[in-house]
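The values are calculated or read from the model by the stated rules, or taken from the named source; none is laboratory data. All values reported here derive from a predicted model rather than from experimental measurement. No Cβ is skipped: glycine too gets one built from the backbone with ideal geometry, and neighbour counts run over all protein chains shown. Surface accessibility is based on the protein's heavy atoms, side chains included, excluding ligands, DNA and RNA. Shrake-Rupley method; radii C 1.70, N 1.55, O 1.52, S 1.80 Å.
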Amino acid sequence: MKLKDELLYLVLFGPDYGESIVLRIPPDAEGGAASWIVIDSLERADDDGTWRPALELLGATNHWAAVVLTHPHDDHAAGMNALLGHSGTGPIGCTHLYVEPPEDWSKSDDAERLLRKGAVEHALAAIQDRWERESSSRWELRAGSSREIGDARLEVLFPDDATLEKYRSRAPHDPNRLASPVLVEWKHARLLLGADLIATDWNKLIKLPALRHLTFPIEPHAYKVAHHGSENAIAPKAVGHRTGATWLLTPFCRGPGLPSYADGGGVQRLLAITDALHVTRCPALERASSGRSVWRLTRQEIQANISRKKLAKGLVIDQHGGTKPRDAWIAAGFDASGNLADLQHGPSSVVVTEGPSPPGRASGPAKPRPHKARAPHKRRKSSQGR
């Protein structure tokens, strides 16, 4: 990829497991150097060695001016210690409860499960080390906190103080409950990076006193879709819809696989809000005709490929038609007014739109799935003394 000096860039990497965002802020009016910001870190081993895309994009000559870990899941945290070892200085953002867990968390099975996984543990240890050695780098992510980087402003939208206090006595079962979306503003351009926050917390977010100065829906010029396009993370009241906005998404091809291209799934529901999704890598992508600069497929075409390959119950990493993980990226450049002035797609990426329904199926907007109440958990009786 080749980035233009005068544009604000959002570069998104997402092979199928892992997500990393690099922001390039143009030089300020005084003619200084561009500022580089890394949101989450991706590390992946393949036949060519260890791939750390954020570090590769920075190269030997560029230094990061800020680093953010939106939440400690290993698909976002892997490689963070290597990134912090690269030359750079500036704020390092993370939820402080994870970096310096309260004493009560040591009694929590959830804390043991979440904080003792290799990549996550190394990432949090690296952040804690920098916070202790350089107090000016400490950036506790909480709603309303912000940092000025060059001519840009980064503002954290979640979690709020009440949510942090709620989890002080016990680690959350899922780190997504403390995930931190970030709003980036440069000149008149607005980018919203959704992290992995779920819809329940997006709906809570729009009412937070700490964000009273913001107008919801935000209507950004670009939106990095939350939680890999999960149905559980779609929150139009918070995000809204701006005509011509660029929506970008990374897949998560483990377990049931995200996003879902099935009828009523996340992709159909997203395409009811926006015209197109720019996805860094596509499952079951058939390379029938080589040489396309940008792959464009309908949701129905992708779902048909997934169904033929019998992947509906679990997408797996090697089902990508021979495409390489290192090709899974998108770079979007915006001018001072927020207009999309440059859009580059990696060879593995695809633009997804809604197509006609297959014969025999009625077309129409996706309907929200009814909420299913969970049955109360039954404690298993001890076998001792029997």
- prompt: So how long is each side of the stretch 156-237 along the principal axes, counting just the alpha-carbon atoms, biggest first, in Å?
  reply: 41, 27, 19
message: What is the sum of charges, Lys and Arg at +1 and Asp and Glu at -1, for the other residues whose Cβ falls under 14 Å from the Cβ of W131?
response: -2
Projected-area mean, the stretch 177-285, by convex hull of Cα positions, square nanometres: 7.3
- request: Give the distance, in whole Å, between the Cα centre of the stretch 178-223 and the Cα centre of the stretch 1-44.
  value: 19
- prompt: Sorted by accessible area (1.4 Å probe), largest first, how do R130, R212 line up?
  reply: R212, R130
query: Put K187, K207 in order of accessible area, largest first, 1.4 Å probe: what do you get?
result: K207, K187
- request: Write down the percent of antiparallel bridges among all DSSP beta bridges whose residues are both part of the stretch 1-88, to the nearest 5.
  value: 70
- request: Could you pull the Cα extents of the stretch 61-111 along its three principal axes, largest to smallest, in whole Å?
  value: 45, 20, 16
- prompt: So how much accessible area does R138 have, in Å² to the nearest 10, using a 1.4 Å probe?
  reply: 70
